[in-house]
Structures are given as C-alpha cells and as structure tokens.
1. Which one is modelled with the lowest pLDDT, of the residues in region 70-109 that are open to solvent by less than 60 Å² (accessible area, probe 1.4 Å) and charged (D, E, K, R)?
2. Can you name every residue in region 126-143 that is touching a residue at least 12 places away in the same chain (Cβ under 8 Å) and either farther than 16 Å from residue 75 by Cβ or in contact with a Phe, Trp or Tyr (Cβ under 8 Å, 6 or more places away or on another chain) (or both)?
3. Quick one: how many residues across region 29-57 are in contact with a helix residue (DSSP H, G or I) (Cβ under 8 Å, 6 or more places away or on another chain), without any contact (Cβ under 8 Å) to a residue 40 or more places away in the chain and open to solvent by 20 Å² or more (accessible area, probe 1.4 Å)?
4. Say whether the condition of being at pLDDT 95 or above, touching a Ser or Thr at 6+ places or on another chain (Cβ under 9 Å), open to solvent by 40 Å² or more (accessible area, probe 1.4 Å) and part of a helix (DSSP H, G or I) is met by at least one residue in region 129-142.
5. Looking at 161, 151, 119, can you tell me which residue is assigned to a helix (DSSP H, G or I), open to solvent by 50 Å² or more (accessible area, probe 1.4 Å) and among the small types (Gly, Ala, Ser)?
Amino acid sequence: MSGSPFAGLGKPDVSARANWLAPLSIVIGSLVTLVPFKMSFPILPPFGLMMLLAWRLHRPDLLKPWAPVLLGLADDLVSGQPLGSGMLFWTVSCILIDVLDNRIVWRDFFQDWLLAGGAIGFCLIGGRLVAAPLTAHVDTVLLVQVLISIALFPVLSRLVARLDGKGRAR
C-alpha cells in the first residue's frame, strides 16, 4: 500500500514538493519588498505575510507550528522592520487562526478572507506601533496599505491554490 495516493486516517497528505514550496514561496513573497518601486509613500503590501496566511488557511497541516517564527525572522531581515516584530506578530496571528480554526466548524472563502484581513491588519498596525513613534503621521498611509493588502489577498490565495494543486495532481 505504499504506492497509494491517500495518506490514511490522521496522516497529512504532504508531498516532498510541498515541504519546500510553501516556505520558499513565503520567503520569495518577503523578498518582493526589495524590488525598487518609486512611490511617494509606501503602500506595498506585506506579500510574505499574505503568502503565509494563504498557505495556512489553504493547507493547515503543511507548516509546522514554529514556522512563522523563522519566516517572520526572514521577513524582518529583509523588510527593515525591528528585529522580532515580524516573528512576534506572524506567530500570534497563526496562533489566533489556529484557535479560531478549532472553533469554526465549517469555513468558506469569505471567512478565510475575513480571518486573513484581521491578521493582516493586526500585523501591520502592530508593526507600525513598534517601528514608528506614536506622533508620526502615518495612519492614513497605513490604512491604505491595509485595504490594498486585504483586497489583494484573494489573488495570493488563488496563487497558493494553484501552486499546491500542481503538486497534488502528480
């Protein structure tokens, strides 16, 4: 029965490709911040966080519980946020999604979108409170960044489903 495509009861269906594809796509999403864009104010969404949330909501069994810590560290090193802020906020977001995932019996895409939107808002607002002084006038730009990130989440969720679908079909 080793050639069976089914994982069996209690065993996650994780291919060898999915083990490296999810973390790699999250790190590549974090590296998007290095691409030079000329803008008057920073509204680039946190693609690494959005990819993490998309993978977590699409395949909850794929990432280990400690994965947001390391992926948040990689994002902190690339994005310029204070070291540890991404690690903390990404981990807290994943823990809260795990808790809510146990409470919610059935989930559809709109509930996933709502969960991801809350996590994105939490991480961006928390990062603002850690990185910028309270007297800085960045709240309007932050609100625009949060709205753009929430609006783009379905695109990244679709990308994750396509990346995962190619590996599962084989």
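1. Applying the filter and picking the extreme gives 101.
2. Residues of region 126-143 that are touching a residue at least 12 places away in the same chain (Cβ under 8 Å), as a first pass: 126-128, 130-131, 141-142.
Of everything in region 126-143, those that are touching a residue at least 12 places away in the same chain (Cβ under 8 Å) and either farther than 16 Å from residue 75 by Cβ or in contact with a Phe, Trp or Tyr (Cβ under 8 Å, 6 or more places away or on another chain) (or both) turn out to be 126, 127, 141, 142.
3. Of region 29-57, the ones in contact with a helix residue (DSSP H, G or I) (Cβ under 8 Å, 6 or more places away or on another chain) are 29-34, 41-57.
Pick out the ones that are also without any contact (Cβ under 8 Å) to a residue 40 or more places away in the chain and you get 32, 48.
Next cut, open to solvent by 20 Å² or more (accessible area, probe 1.4 Å) only: 32.
The total comes to 1.
4. At the first step, the residues of region 129-142 found to be at pLDDT 95 or above are none.
No - not one qualifying residue is present in region 129-142.
5. Values: 161 fails: open to solvent by 50 Å² or more (accessible area, probe 1.4 Å); 119 fails: open to solvent by 50 Å² or more (accessible area, probe 1.4 Å).
On inspection, the qualifying residue turns out to be 151.
The values are calculated or read from the model by the stated rules, or taken from the named source; none is laboratory data. Computed from a prediction, not measured in an experiment: that's the story for all the values here. Glycine also receives a Cβ, built like all others from the backbone with ideal geometry; neighbour counts cover every protein chain displayed. Only protein heavy atoms, including side chains, enter the accessible area calculation; ligands, DNA and RNA are left aside. Shrake-Rupley method; radii C 1.70, N 1.55, O 1.52, S 1.80 Å.
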